[in-house]
Amino acid sequence: MAHIAPTTRDDFIRIQEWISKDPWHRDDPYWVPEGLYTGNGALSFCVLDTEGPLCYVRLDFEGEMLRLATQFGPEEEVSRKRLVAGLLSAGIPAIIEFGKSKGYQGIVFETVSPSLIAFMEKQGFLKTANENDYALVFRG
């Protein structure tokens, strides 16, 4: 069973290695390990299972929405099966609960990854008018 935990300086080396292996983030000078430490953004945390970290998450305030950014573990270290199980059981519920508890209207994220788009659309995220953005709008 997956759970969430704070992200600390002890995670620096792992996050840095994951970023360097990530074709979506490795060339982004603003995507740095320290930005994913708990205490940054609106909420930052790690999603873990019994084998270890699966991904690091950061939410930032963006008007009435929360912007989601995630550093996933490389597939050779974190299987898609483990990642999906962790996101469904702990990561996504924590993000939604936080957003609703703070009165936000939803969550938005940016991606061009076809597999991430397909997965998040199954969770209720829809394409927005902004290029490459997908949003989950809370109802009620």
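Computed from the coordinates by the stated procedures, all read-outs in this text should not be read as laboratory data. Everything numeric here is computed off the predicted structure, so don't read it as measured data. Because the Cβ atoms are built from the backbone with ideal geometry, glycine has one as well, and the counts that use them run over all protein chains shown.
Per-residue answers, yes or no, for (1) closer than 24 Å to D133 by Cα; (2) of a type in the set (G, A, S); (3) part of a helix (DSSP H, G or I):
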{"position": "D27", "(1), (2), (3)": "yes, no, no"}
{"position": "T38", "(1), (2), (3)": "no, no, no"}
{"position": "Y56", "(1), (2), (3)": "yes, no, no"}
{"position": "R82", "(1), (2), (3)": "no, no, yes"}
{"position": "A85", "(1), (2), (3)": "yes, yes, yes"}
{"position": "P93", "(1), (2), (3)": "yes, no, yes"}
{"position": "V108", "(1), (2), (3)": "yes, no, no"}
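Can you say whether P74 is under 19 Å from Y134 (Cα atoms) and not charged (D, E, K, R), as far as the supplied structure shows?
Judged against the criteria, P74 is not a match.
Quick grid of which residues meet (1) within 21 Å of E97 (Cβ to Cβ); (2) within 15 Å of the chain's Cα centre (by Cα); (3) hydroxyl-bearing (S, T, Y):
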{"residue": "G41", "(1), (2), (3)": "yes, yes, no"}
{"residue": "L48", "(1), (2), (3)": "yes, yes, no"}
{"residue": "E64", "(1), (2), (3)": "yes, no, no"}
{"residue": "A69", "(1), (2), (3)": "yes, yes, no"}
{"residue": "V78", "(1), (2), (3)": "no, yes, no"}
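Within segment 124-140, which residues are surrounded by fewer than 12 Cβ atoms within 10 Å (Cβ to Cβ) and of a type in the set (D, E, K, R)?
E131, R139
Give the residue, chosen from G124, G91, G103, that is of a type outside the set (F, W, Y) and on the phi < 0 side of the Ramachandran plot.
After ruling out the rest, the residue left standing is G91.
From the list G99, G103, exactly one residue is of a type in the set (G, A, S) and surrounded by 13 or more Cβ atoms within 10 Å (Cβ to Cβ). Which is it?
Checking each option against the conditions leaves just G99.
Looking at this structure, is S101 of a type in the set (S, T, N, Q) and within 23 Å of I15 (Cα to Cα)?
no
In segment 58-68, how many are part of a strand (DSSP E or B) and either touching a Leu at 6+ places or on another chain (Cβ under 8 Å) or on the phi > 0 side of the Ramachandran plot (or both)?
The total comes to 6.
Assuming S115 fulfils every condition listed in (1) assigned to a strand (DSSP E or B); (2) surrounded by fewer than 20 Cβ atoms within 10 Å (Cβ to Cβ) apart from one, which condition is it?
The one condition S115 does not meet is (1).
Note down all Cβ pairs under 7 Å where the first residue falls in segment 25-50 and is free of Cβ contacts under 8 Å to residues at least 12 places away in the same chain, the second is surrounded by 18 or more Cβ atoms within 10 Å (Cβ to Cβ), and they're at least six residues apart or on different chains.
From residues that are free of Cβ contacts under 8 Å to residues at least 12 places away in the same chain, the pairs are R26/I19.
State all residues of segment 1-25 that are part of a loop (DSSP other than H, G, I, E, B) and closer than 17 Å to E77 by Cβ; if no residue qualifies, say none.
A2, T7, D22, P23, W24, H25
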